[in-house]
Amino acid sequence: MIDVLIVSLGSTGGLRAADEELRGSLRRAGASVELIGTPAPAQARTLMLTDLRWARAARAAALARLRQVQARAVIYSSTTAALLWPRPGAIRFDAPAAGNRPGRHGLWQRPLERLRLDQAPLLLPWSQGGLDELPASLRAATSAGDRVLVLPVPVEPSGPPAGERDIAAIAYAANPMKKGLDRVLDAWLRARRPGEELVVAGAEERDLARAGLVLPAEGVRVTGPLPSGDYRALLRRARVFVTAPRREDYGVAQLEALADGCRLVSAPAPGPYVALSIARALDPRLVSGDLARALRAGLDEPAPDYPARALRALEPLRPDVVDRLVAERLLLRLLPG
């Protein structure tokens, strides 16, 4: 018998890291926890088929483990992991299909997701913005009682600041078109001055070429995917983190950049983009559709005490704060009595 089984979809590095963080928090709160991963299915051409394959893989993984071990509670990490669940459980999500699967992309996912969210004993959105994207009737039904607990992904500095911030700008490019790397590269070409370099992490050059992106002859360096420690070390050397997402479901990379002292330059984007309001409050010049101009402002005219103010803004996301939330509120709802 275990207290909690976490069914991790793990379709991205960010989702996997968030699930590991949750397991750690639950264990520090005294719960016995097991996290099971979902084997990645074969790639599909459409989001509808992609989600179906992931949902079937998550169901198979959960069912196999539940036949072997009794769990007092189950947490499905993402609404996709819960779509074909073998038994009801809490659902943790950054954004619902109601928000990030519009039109034909979510024809079957949205109605089934709504049913699962209605059936779940507990909803654990990463942010209030993720909850706000649910249909109005479902938000109204869950607003009363104890069915919802906003449970953010913790973030903190990865180490002491580097002696010198010798990287002008850095971008994270896993899923490059969703992250708007084409917009970032266009802005960088217009804003860059001789000797300045944009470091692009999270994707190989061949991934960028497959997405139709052409890199300039100079001023851009692609690192490919990096271990978390190596990537965060680059953040501690960068002056600016730049992004122009077409949609942002949460924005862990932006929050990590703020925690490690980067100034966040971003285009506005739809979705529950947690770092966007923080960036606007820190320096509104750096949140703009004119990304080239925002880049030069971030590089040439940094706002006073930006890193210190960013850390204060991130205090609600500190690991000890999230641990307290898990120990004092989440466990009581997951394991009543």
So, residue 242, is that one surrounded by fewer than 16 Cβ atoms within 10 Å (Cβ to Cβ) and among the β-branched types (Val, Ile, Thr) or not?
no
Residue 237: at pLDDT 95 or above, under 20 Å from residue 186 (Cα atoms) and basic (Lys, Arg), yes or no?
no
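One line per residue, one yes/no per condition, for (1) in contact (Cβ under 8 Å) with a residue 60 or more places away in the chain; (2) out of contact with any helix residue (DSSP H, G or I) (no Cβ under 7 Å at 6 or more places or on another chain); (3) in the same structural domain as residue 291 (by TED's automatic domain parsing):
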{"residue": "187", "(1), (2), (3)": "yes, no, yes"}
{"residue": "191", "(1), (2), (3)": "yes, no, yes"}
{"residue": "197", "(1), (2), (3)": "no, yes, yes"}
{"residue": "216", "(1), (2), (3)": "no, no, yes"}
{"residue": "224", "(1), (2), (3)": "no, yes, yes"}
{"residue": "229", "(1), (2), (3)": "yes, yes, yes"}
{"residue": "240", "(1), (2), (3)": "yes, no, yes"}
Hits in region 271-285 (condition: crowded, with 16+ Cβ neighbours inside 10 Å and either among the small types (Gly, Ala, Ser) or touching a residue at least 24 places away in the same chain (Cβ under 8 Å) (or both))
271, 272, 273, 274, 275, 276, 278, 279, 282
Considering (1) under 28 Å from residue 99 (Cβ atoms); (2) touching a residue at least 24 places away in the same chain (Cβ under 8 Å), say which one residue 210 fails and leave the rest.
(2)
Counting only residues that are among the aromatic types (Phe, Trp, Tyr), give me the helices (runs of 4 or more DSSP H) lying completely in region 1-113 with at least 1 of them.
47-66
If a residue must be of a type in the set (A, V, I, L, M), surrounded by 11 or more Cβ atoms within 10 Å (Cβ to Cβ) and out of contact with any Asp or Glu (no Cβ under 9 Å at 6 or more places or on another chain), how many such residues does region 202-229 contain?
4
Residues satisfying the stated conditions in region 25-40, i.e. under 23 Å from the mean Cα position of the chain (by Cα) and not polar (S, T, N, Q):
26, 27, 28, 33, 34, 35, 36, 37, 39, 40
Does region 218-250 hold any residues that are of a type in the set (A, V, I, L, M) and assigned to a helix (DSSP H, G or I), and which are they?
233, 234, 235
Among the residues of region 145-186, the number that are within 18 Å of residue 274 (Cα to Cα) and of a type in the set (Lys, Arg) is 2
Has region 322-333 got at least one residue that is part of a helix (DSSP H, G or I), farther than 30 Å from residue 149 by Cα and over 19 Å from the mean Cα position of the chain (by Cα)?
no
Considering only region 283-312, how many residues are within 17 Å of residue 248 (Cβ to Cβ) and in a helix (DSSP H, G or I)?
3
Checking residue 187 against (1) part of a helix (DSSP H, G or I); (2) farther than 19 Å from residue 254 by Cα, only one condition comes out false. Which one?
(2)
Consider residue 314 carefully, then state whether it is in contact (Cβ under 8 Å) with a residue 40 or more places away in the chain and under 13 Å from residue 152 (Cβ atoms).
yes
Looking at region 54-76, can you tell me whether even one residue there is closer than 22 Å to residue 251 by Cα, modelled with pLDDT of 95 or more, buried (at least 19 other Cβ atoms within 10 Å of the Cβ) and not hydrophobic (A, V, I, L, M, F, W, C)?
yes
Taking residue 306, is it touching a residue at least 24 places away in the same chain (Cβ under 8 Å), touching an Asp or Glu at 6+ places or on another chain (Cβ under 9 Å), hydroxyl-bearing (Ser, Thr, Tyr) and farther than 17 Å from residue 129 by Cβ?
yes
Out of (1) over 17 Å from residue 159 (Cα atoms); (2) part of a helix (DSSP H, G or I); (3) in contact (Cβ under 8 Å) with a residue 12 or more places away in the chain, what's the single condition that is false for residue 253?
(1)
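The values are calculated or read from the model by the stated rules, or taken from the named source; none is laboratory data. All values reported here derive from a predicted model rather than from experimental measurement. As a convention, Cβ positions derive from the backbone with ideal geometry for all residues, glycine included, and neighbour counts pool all protein chains shown.
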